[in-house]
Structures are given as structure tokens and as C-alpha cells.
Amino acid sequence: MSTRKSQRVDRGAAGNSSRRSQGMISRDKGGATVVSTGISFTGPATIADTGNGLAAMDVNARIEVRGSARNSRVFDVVTSAADTLTVRPALITNEVAGPSITITRLD
């Protein structure tokens with residue numbers, strides 16, 4: 001008789017997170033934080049999210065973008081919708097969605 005437990009774990013397609021947009025919205029002391037692999041950047045001043053998590057960033061909010069190869073910096077929000085932000089300064093460089101990007105509201 002064996003005392004070992006079976007270590008087999010079955011996971012269906014729902015357990016495969018590589019096919020889903022990875023998005024999360026949380027609130028902390030600094031405000032809202034959005035983490036997503038669906039965030040893209042279009043110059044000169046647009047940030048978009050396929051997961052529609054950007055509504056947590058209000059107009060006139062100061063945000064910090066981290067994880068972007070070309071657009072990691074602090075911006076001020078000019079317009080806000082669930083799927084897009086227009087920001088200033090208008091220094092956005094085009095970048096497609098893919099890596100995990102974190103956007104945090106600073107105020």
C-alpha cells in the first residue's frame with residue numbers, strides 16, 4: 001500500500017490563461033491601478049485598453065505608466081473612457097499590446 005497522493009492536476013481550457021487578455025483593476029492608497037496585457041499606445045497622446053479598465057482613471061488625474069518599453073513615464077489625463085485615455089504631454093510612441101503594463105493613478 002502506498003502513502004503517496006496522486007499529483008495529477010487536470011485543467012481545462014479555462015485554466016489556460018495564455019489565451020485571455022490579462023487584466024486587473026485594484027484600488028490602493030494611491031488610487032486605482034490597472035494591470036493588463038491589452039494596453040497599447042498610439043502617438044501622439046492615446047493609451048488604449050482592450051479590457052476596458054481605463055475608466056478608473058479620471059480626467060485631470062496624474063498617472064504613472066510602468067512596464068512599457070517606450071512609454072513608461074508620468075502623464076496627466078485629458079480625456080477618459082473605459083477603453084481609451086488621452087494624455088499630456090503628448091509624447092506617446094506607438095506600441096502594440098503584449099507585455100503586462102501597469103497604470104497607477106497617483107492622486
Exercise. Could you tell me which of the residues A97, A55 is touching a strand residue (DSSP E or B) at 6+ places or on another chain (Cβ under 8 Å), of a type in the set (A, V, I, L, M), modelled with pLDDT of 95 or more and surrounded by 15 or more Cβ atoms within 10 Å (Cβ to Cβ)?
Key: A97
Practice problem: Identify the residue in region 81-94 that is within 15 Å of V34 (Cα to Cα) and touching a Ser or Thr at 6+ places or on another chain (Cβ under 8 Å) and, among all such residues, is surrounded by the most Cβ atoms within 10 Å (Cβ to Cβ). | Solution: L85
Practice problem: Go over the candidates A81, A32 one by one and state the one that is modelled with pLDDT of 95 or more and either on the phi > 0 side of the Ramachandran plot or under 16 Å from the mean Cα position of the chain (by Cα) (or both). | Solution: A81
Self-check item: Within region 57-106, strands (runs of 3 or more DSSP E) holding 2 or more residues that are free of Cβ contacts under 8 Å to residues at least 24 places away in the same chain
Solution: 74-80
Exercise. Give the residues of region 84-103 that are within 14 Å of the chain's Cα centre (by Cα) and over 15 Å from A55 (Cβ atoms), sorted by residue number.
Key: E95, V96, A97, G98, P99, S100, I101, T102
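The values are calculated or read from the model by the stated rules, or taken from the named source; none is laboratory data. On a predicted model such as this, the values are computed, not experimentally measured, just so you know. Don't worry about glycine lacking a Cβ; one is built from the backbone with ideal geometry, like all the others, and counts go over all protein chains shown.
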